[in-house]
Structures are given as structure tokens and as C-alpha cells.
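What follows is calculated from the coordinates using simple rules that are stated; it is not laboratory data. No experiment lies behind these values; they were computed from the predicted model shown. Here the Cβ is made from the backbone with ideal geometry for all residues, glycine too, and neighbour counts use every protein chain on show.
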Amino acid sequence: MAVYFVYRTHDGAPSEKHVRRFENDTILDWAQAVWKQTPDHEKAIEYAKQLFGELALHGFASLFHYYEERPIRSKPTQLAELDAWFTDFLLAETAHGPHHLQFYFDGDADGDTALYVFDHHYRKTNRTVTDFLLLDGWELPAGDSDEPTPTLPATQPSVRRGDADGALYVVSQFAESKYHLDDLGPPLRVDGLRLPDLARYLLTTRTDEEEDVALRELRNHMKAVVRDSAGADAGFLLAIHDQPEELTNWRAYSDWLHERELPPSGLYLLDQALRAKESVWGYESREPELDRVKVTPHMAQACKHRSRAPKSDSVEVTMDDYYGQCIFFDDRWAAAHPTLAAGILTFASRWDVLT
């Protein structure tokens with residue numbers, strides 16, 4: 001038995017998610033078990049910290065605090081009352097069912113956020129959206145499969161195809177405005193391309209206006225890697241820079257890397273480009289050493305640190321780190337992890353992922 005809270009924000013979470021689990025049978029059981037109302041705001045904060053830990057820093061104390069403008073409520077006995085309890089403090093757009101609640105709320109300086117609350121009854125029949133939500137941490141697993149590509153949510157085909165088999169999915173989660181969750185859409189899909197060939201694809205294509213912004217930045221970093229090298233591999237990189245379409249150059253570099261127990265050329269250059277210190281999404285307080293990068297044969301991801309700022313919950317002041325993330329996976333990774341692949345694409349395309 002379990003009830004899950006997933007809070008979605010770029011604030012303090014490289015993966016954009018804070019996850020909390022409670023040992024209750026249903027979401028209504030959870031509400032009745034933790035119900036408390038107090039006029040003392042400091043006590044409400046302390047109680048929220050006991051329940052939610054890190055999540056309490058995102059305003060959850062308001063669930064337990066009443067005052068003149070927001071009178072005390074009775075303990076909820078049905079789902080509609082539970083929804084109203086949350087809506088009181090979130091002032092949010094809602095969408096719910098018998099075993100799940102979800103809230104979208106905007107407004108503060110940190111941008112809009114979302115909250116997903118569901119129990120194990122909902123999870124049992126909805127793993128294609130909940131498995132990714134419950135991945136507590138930023139790292140996705142490696143792996144691949146030759147099984148057929150699973151049915152996935154809608155994606156937007158790229159203007160230019162690759163020149164081989166498969167399909168590559170590109171997910172960018174960078175808040176470009178306060179209302180980024182209100183402006184989501186289908187992620188990009190590049191047909192005829194798998195992750196090992198992404199570096200060559202980027203170096204042999206021009207920048208298309210229709211292309212995903214993460215790919216545009218990645219291309220720029222990739223060009224810098226092959227153009228500016230002064231190491232022992234500079235000759236290989238110069239050959240790739242001058243003739244990126246020539247497969248012989250990539251294979252020769254892969255052989256050189258293999259002798260040094262390093263990944264093949266396409267994956268190695270992808271890793272280097274994702275680790276670039278510069279970022280178009282970064283602000284003055286960006287700290288590149290806080291970036292998280294992982295590259296596997298068929299999945300790559302980068303959680304890029306954007307800025308650091310103080311945040312107060314009226315009891316203590318903490319430093320919050322803001323992140324954006326990009327994820328690249330191909331059809332072979334999706335076949336090995338079908339529920340995660342579907343969940344990632346759903347998460348990237350809409351705020352109400354439980355609908």
C-alpha cells in the first residue's frame with residue numbers, strides 16, 4: 001500500500017521532480033491520517049517538514065494553516081473535499097479521479113509548478129505515466145532491446161531524417177518563461193537515427209528553425225569540441241571537423257578510443273558536448289560543476305545547472321539551485337524501458353500527465 005506525492009519544479013531538483021511516499025491505502029486515507037489545522041504558521045511549517053521533508057520548503061505548510069481569510073476546514077470524508085482542501089492553498093487548476101489528484105499552479109517568481117498525488121491502486125493500471133514520475137533521482141537506466149518499439153505518445157517529426165534505421169526522441173525541459181508548463185507540446189522525433197550516430201547527424205546538418213533548442217545548443221558545443229581540440233586526438237577531430245560525413249574518420253577515431261578503453265567516437269563526443277561549461281540557459285550564478293551528465297549506448301541525459309538563489313520559508317533561508325534537463329533516447333532504449341519512455345514523452349508534452 002502506498003500514496004505518492006510528486007512535486008514538479010525546476011527549483012532544487014535536477015530531474016524536475018521531488019518524490020515522497022506514504023504508507024496508506026488510498027489518497028483519502030492519507031488525508032484523514034495526517035489531517036491537522038492550526039492558526040500558528042510556524043507550527044504548520046514544522047508539521048509539514050515532518051511529513052514532507054524537503055517538499056515542505058515549497059509551501060506545503062499552507063495545507064495545515066488556517067487564518068481569517070481562509071477559515072478552518074473539516075477533515076475530508078470524500079474526494080471532492082480533499083480536492084477543495086488542496087485547492088484552498090494552491091489556487092490551482094485541477095484534474096482528478098477516484099485514486100489521483102493533480103494540480104497546476106502558477107504565479108510566483110520561480111514559475112509554474114505541478115503536483116501529482118496518487119495511490120497504488122492508480123499506479124497498478126497506469127505504469128506508463130507513473131514509472132517515470134516515481135523515478136526519485138535524475139539518472140535513467142542503461143539498456144537496449146531488439147524488440148519492436150512500443151506504442152508511445154505523439155511526437156513531432158524532425159524536418160530532416162537520419163540516414164539509417166530507428167528513431168531518436170529528444171526531450172528538452174528548460175523553463176523559458178514563468179508559464180512553461182502551460183506551453184508544452186509533443187517532443188521531437190528524428191527518424192532514421194539512433195543515439196550512436198547523433199554526433200555525426202549534428203555535424204552534418206545546418207540549424208533548422210523548426211529544430212529543438214537543445215539540439216541547436218548541442219550542435220554548437222559539438223562543433224567546438226572537434227574544432228578546438230589540442231590533445232593527442234586532435235588529428236582525428238580535425239578530420240571529423242573537415243569531413244563529418246565521412247564514416248572512415250569516425251571509425252578511425254573509434255579504434256583509437258577503443259585502445260584507451262573509451263566509448264566509440266559518436267558517444268564520446270556526445271558526452272564531451274553535453275559537459276560544456278557554457279549554456280544558453282545559464283545565468284550569472286550558474287555553476288557548471290553541479291551539472292549531471294550520463295551517456296549510455298542508446299540513452300543520454302544532461303541536467304544543467306542554471307542558477308542559484310536564496311529561498312526563505314520564514315524559518316530558515318536556504319540556497320536553491322535551478323535546473324533544466326534534456327534527454328535523448330532511441331527506439332532500442334524505448335523497447336527495453338517502454339513505461340519509462342512513454343512516461344518521459346508524456347511528462348514533456350503536458351502538465352496533466354495523470355489524465
Placed amide H near residue 38: partners under 5 Å, 5+ positions off or other chain
65, 66
Under 5 Å between amide H atoms, partner at least 5 residues away or on a different chain: which partners does residue 285 have, H built in plane at 1.01 Å?
308
Helix-only estimate, please: 222 nm mean residue ellipticity of the chain, summing -39500 (n - 2.57) across DSSP H runs of length 4 or more and dividing by its residues, to the nearest 500.
-9500 deg cm²/dmol
Out of 220, 64, 53, whose Cα points farthest toward the positive end of the dipole of the chain (charges: +1 Lys, Arg; -1 Asp, Glu; placed on Cβ)?
53
Can you tell me the 0 to 90 degree angle between the C-alpha axis of helix 213-228 and the longest principal axis of the chain, rounded to 10?
40 degrees
Overall dimensions of region 3-133 as given by Cα atoms, namely Rg and Dmax in Å:
14.2, 43
Members of 36/75; 75/124; 49/124; 17/304; 124/294 lying beyond 19 Å, as alpha-carbon distances in this model show:
75/124; 49/124; 124/294
Please state, rounded to one decimal and in Å, the Kirkwood hydrodynamic radius that region 156-349 gives when every pair of distinct Cα atoms enters the mean of 1/r.
17.8 Å
At q = 0.06, 0.07, 0.13 Å⁻¹, what log₁₀ I(q)/I(0) does the chain have when each alpha carbon counts as one equal point scatterer in the Debye sum?
-0.26, -0.35, -1.02
Taking N as the number of residues in region 232-337, the ratio of its alpha carbon radius of gyration to 2.2 N^0.38 Å works out to 1.42
